[in-house]
Amino acid sequence: MTSSNSIHVAVLPGDGIGREVMDPCLECLDVLAARSGGFSFTYETLEAGAGVFRDTGVALPDDVVKKAGAADVMLLGAMGLPDIRYEDGREITPQIELREIFDLYAGVRPVETFPGSPVPLKDPRAAQLDFVLIRENTEGLFASRGACEMVGDYEARDTMVITRKGTERLSDFALKLAERRKRQGRGQGRVTCVDKANVFGSFAFMRKVFYERAAKFPELTADHAYVDATALALVRNPWVFDVMITENMFGDILSDQAAALMGGMGMAPSADIGDKHGLFQPCHGTAPDIMGSGKANPSAMLLSGAMMLDWLGETMNSPELAGAGETFRNAVRAAFSDGNLIPYEVGGSAGLREVSDRVLDILKS
């Protein structure tokens, strides 16, 4: 912390609706700090993303990286715009660079639903989902990002990389999380390795290393599932899952599918966590089609703020911060509890201010 009770937050609002959803999140964090009296926040706004690339030719300036790394935690809105790209056609994605720079190897995608939330599945169990998908962030197919091997103009090769180090630390992260969830009465004490080990040797290796690490946690259940079967199960019976680990690309795809179970990307929070740093952001993109319309759903950003408080509470050994995280999350749940708050993205009329003000009113009450 920057002082005995002040938490230094690097705020990267980014592009599009990322900038719009950030403000209500900071409002809520300040209300929680005022309620507590035991901590406060110092925000440092850092500019990066497609807009910065358009104006300067650099998407992630060196001074932004330095300042973000010096903060206690990073809070990001969303980055990238579809009409602003690198010369090779790739979109501007500094958030991926931040994962690589700060070694944020665990992409944590919680899936939590609650009564009143806009879930698409009709089974009543779909309104009480509580599982976590953990995506390996630093290797897998993404290891070849920006290094595609071209063979003339007739073949392109991207190579997948899975290492022992990457799989061990991801497995340990997931197993420890499953332990905590089991102690809290939230999970089954089960971790599932999602792979394609029946086809690729790299995934067979990943599965082998996962089971080696799982053997150190005999009180937990370790199992595996093929990615295609997992995609099916996420639609048919997602309540069977507890904690899952996946390769980077598989995690990218499955986490969006899992977000749909919550009612869409506007409801889906996330965290990118390493051994020394944490970055928290909504799963959604910059949505330029609704930018400035007031239709953005801030729920994912608010829930990401709650995840940030959870992580700060754990890393700083602060029950007060952890409690604030749960208070924040409960306020979002309560905002939707009567079933009348329906975001635009699922056919309703509740936008940025309607959702934000409802949550703020609950926090202030």
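The values are calculated or read from the model by the stated rules, or taken from the named source; none is laboratory data. Since the model is a prediction, treat every value here as computed from it, not as a measurement. So basically every Cβ, Gly included, is an ideal-geometry build from the backbone, and we count neighbours across all protein chains shown.
If you scan segment 67-88, which residues turn out to be farther than 18 Å from ASP272 by Cα and either β-branched (Val, Ile, Thr) or surrounded by fewer than 19 Cβ atoms within 10 Å (Cβ to Cβ) (or both)?
Pass one, segment 67-88, residues farther than 18 Å from ASP272 by Cα: 81-88.
If the condition is that a residue be farther than 18 Å from ASP272 by Cα and either β-branched (Val, Ile, Thr) or surrounded by fewer than 19 Cβ atoms within 10 Å (Cβ to Cβ) (or both), then PRO82, ASP83, ILE84, ARG85, TYR86, GLU87, ASP88 are the ones that fit.
How many of the residues making up segment 156-175 are free of Cβ contacts under 8 Å to residues at least 40 places away in the same chain and part of a helix (DSSP H, G or I)?
1
How many residues does segment 27-73 hold that are within 20 Å of ALA322 (Cβ to Cβ), under 21 Å from the mean Cα position of the chain (by Cα), assigned to a helix (DSSP H, G or I) and among the aliphatic types (A, V, I, L, M)?
Total satisfying the criteria: 1.
Could you list, in sequence order, all residues of segment 349-365 that are in a loop (DSSP other than H, G, I, E, B) and surrounded by fewer than 17 Cβ atoms within 10 Å (Cβ to Cβ)? Don't jump to the end; show me each part of the working.
Going through segment 349-365, the residues in a loop (DSSP other than H, G, I, E, B) turn out to be 349, 351, 365.
Selection gives SER349, SER365.
Between LYS182, LYS216, which is under 22 Å from the mean Cα position of the chain (by Cα), basic (Lys, Arg) and farther than 23 Å from ALA143 by Cα?
Within the list LYS182, LYS216, the selection yields LYS182.
Within segment 135-183, track down each residue that is polar (S, T, N, Q), under 23 Å from ASP275 (Cα atoms) and out of contact with any Asp or Glu (no Cβ under 7 Å at 6 or more places or on another chain).
THR167, SER171
In segment 91-117, what residues are among the aliphatic types (A, V, I, L, M) and touching a residue at least 40 places away in the same chain (Cβ under 8 Å)?
Within segment 91-117, the subset among the aliphatic types (A, V, I, L, M) is 92, 96, 98, 101, 104, 106, 108, 111.
Those that are among the aliphatic types (A, V, I, L, M) and touching a residue at least 40 places away in the same chain (Cβ under 8 Å): ILE92, ILE96, LEU98, LEU104, ALA106, VAL108, VAL111.
Using beta carbons and a limit of 7 Å, which pairs, at least six apart or on different chains, have the first residue in segment 118-145 and closer than 17 Å to ALA300 by Cβ and the second one part of a helix (DSSP H, G or I) and aromatic (Phe, Trp, Tyr)?
Within 7 Å, the pairs are LEU129/TRP239.
How many of the residues in segment 126-155 are outside any loop (DSSP other than H, G, I, E, B) and surrounded by fewer than 12 Cβ atoms within 10 Å (Cβ to Cβ)? If you could, list the steps in order and put the result at the bottom.
Going residue by residue through segment 126-155, those that are outside any loop (DSSP other than H, G, I, E, B) are 126-128, 130-136, 140-144, 149-151, 155.
If we keep only those that are surrounded by fewer than 12 Cβ atoms within 10 Å (Cβ to Cβ) too, we end up with 149-151, 155.
Matching residues across segment 126-155 total 4.
Six or more apart or on different chains, Cβ under 9 Å: which pairs go from a residue in segment 1-25 that's farther than 26 Å from ARG358 by Cβ and outside the structural domain of VAL355 (by TED's automatic domain parsing) to one that's modelled with pLDDT of 95 or more and part of a helix (DSSP H, G or I)? Could you list them?
none
Any idea which of (1) outside the structural domain of ASP130 (by TED's automatic domain parsing); (2) buried (at least 22 other Cβ atoms within 10 Å of the Cβ); (3) within 27 Å of PHE203 (Cα to Cα) is the one ASP275 doesn't satisfy?
All conditions pass for ASP275, except number (2).
Could you list, in sequence order, all residues of segment 95-112 that are touching a helix residue (DSSP H, G or I) at 6+ places or on another chain (Cβ under 8 Å) and at pLDDT below 95? Walk me through it before giving the result.
So in segment 95-112, the residues touching a helix residue (DSSP H, G or I) at 6+ places or on another chain (Cβ under 8 Å) come out as 96, 98, 101-102, 104-112.
Listed by number, the list holds a single entry, ILE96.
Regarding segment 283-301, can at least one residue be identified that is among the acidic types (Asp, Glu) and under 22 Å from VAL346 (Cβ atoms)? Steps first, please.
At the first step, the residues of segment 283-301 found to be among the acidic types (Asp, Glu) are 289.
Keeping just the survivors that are under 22 Å from VAL346 (Cβ atoms) gives 289.
Within segment 283-301, one or more residues are among the acidic types (Asp, Glu) and under 22 Å from VAL346 (Cβ atoms).
In this structure, does PRO218 turn out to be surrounded by fewer than 19 Cβ atoms within 10 Å (Cβ to Cβ) and farther than 21 Å from ASP272 by Cβ?
Working: surrounded by fewer than 19 Cβ atoms within 10 Å (Cβ to Cβ): yes; farther than 21 Å from ASP272 by Cβ: yes.
Yes, satisfied.
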